[in-house]
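The structure under discussion appears below in the form of structure tokens.
Just so it is clear, none of the values below were taken in a lab; they were calculated from the coordinates. Just so it is clear, the model here is predicted, and its values are computed rather than measured. Here the Cβ positions follow ideal geometry from the backbone for every residue, glycine too, while neighbour counts run over all protein chains shown.
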Amino acid sequence: MGAVAVNVRKLIIGVYLCLFVVVGVMSAGFFWQTRRELEQLRGQEVRTRNRLSELQVRLSEQERILQRLREDPSYVERVIRRRLLYAKPDETVFRFED
């Protein structure tokens, strides 16, 4: 009976060892997948921060233009003439194709 008890103990230890190895491998796989996702998210964060910086610069430029449109009548006139091709009375506008 003593030999049977030793074999049962070895079997139980073997099962626990296999379970430990399986859990370890699964944990390692989960860890690597999570780490890869973290790196992707960090890269996305960098790209998003860069895009935000670009958009903040663009917003600043647009706010400056808007302020000039509100305060500078000569600037408004230049914009209207250039973009809408408006002319003053008795003034001729020449259009050239590029």
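Numbers below:
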read-out: Residues satisfying the stated conditions in region 7-65, i.e. among the charged types (D, E, K, R) and more than 30 Å from Val76 (Cβ to Cβ); value: Arg9, Lys10, Arg35, Arg36, Glu37, Glu39, Arg42, Glu45, Arg47, Arg49, Arg51
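Here's the yes/no breakdown for (1) under 26 Å from the mean Cα position of the chain (by Cα); (2) among the charged types (D, E, K, R); (3) at positive phi:
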{"residue": "Val8", "(1), (2), (3)": "no, no, no"}
{"residue": "Gly14", "(1), (2), (3)": "no, no, no"}
{"residue": "Val22", "(1), (2), (3)": "no, no, no"}
{"residue": "Ala28", "(1), (2), (3)": "no, no, no"}
{"residue": "Gly43", "(1), (2), (3)": "yes, no, no"}
{"residue": "Ala87", "(1), (2), (3)": "no, no, no"}
{"residue": "Asp90", "(1), (2), (3)": "no, yes, yes"}
{"residue": "Phe94", "(1), (2), (3)": "no, no, no"}
